[in-house]
Amino acid sequence: MLDRTIRTDTLYPNDLDTLRAVFDTMCQEFAILPDASAAHSIARELIRLSRMA
């Protein structure tokens, strides 16, 4: 039997829809433009957190 780690970090379309909705809400709530560096940080953190779930 092979000893391999199975990757489960795939983002499916419904995952992306959810992440986008959260991202848009956070940007709106904190008055952050979607192309600002703060928005990029939010996006990275959302993806990181989604991979932990």
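Couplings 3J(HN,Hα) for segment 32-43, derived from phi with the Karplus relation 6.51 cos²θ - 1.76 cosθ + 1.60 (θ = phi - 60°), are 10, 5, x, 9, 7, 5, 5, 5, 5, 5, 4, 4 Hz, where x marks Gly and Pro. Counting only heavy atoms of the protein chains and using a 1.4 Å probe, Asp24 has close to 60 Å² of accessible surface. The residues neighbouring Asp24, those whose beta-carbon lies less than 14 Å from its own, together hold a net charge of -2 under the Lys/Arg +1, Asp/Glu -1 convention.
Residues whose amide H falls under 5 Å from that of Ile32, counting only those 5 or more places apart or on a different chain, are absent, with hydrogens built in the peptide plane. Under 12 Å from a label point set 7 Å out along the Cα-to-Cβ vector of Ala21, no amide N atom of segment 35-53 is found.
The values are calculated or read from the model by the stated rules, or taken from the named source; none is laboratory data. Every value quoted in this text rests on a predicted model; they were computed, and no experiment measured them. Because the Cβ atoms are built from the backbone with ideal geometry, glycine has one as well, and the counts that use them run over all protein chains shown. The area values use the complete protein model at the heavy-atom level, side chains included, leaving out ligands, DNA and RNA. Shrake-Rupley method; radii C 1.70, N 1.55, O 1.52, S 1.80 Å.
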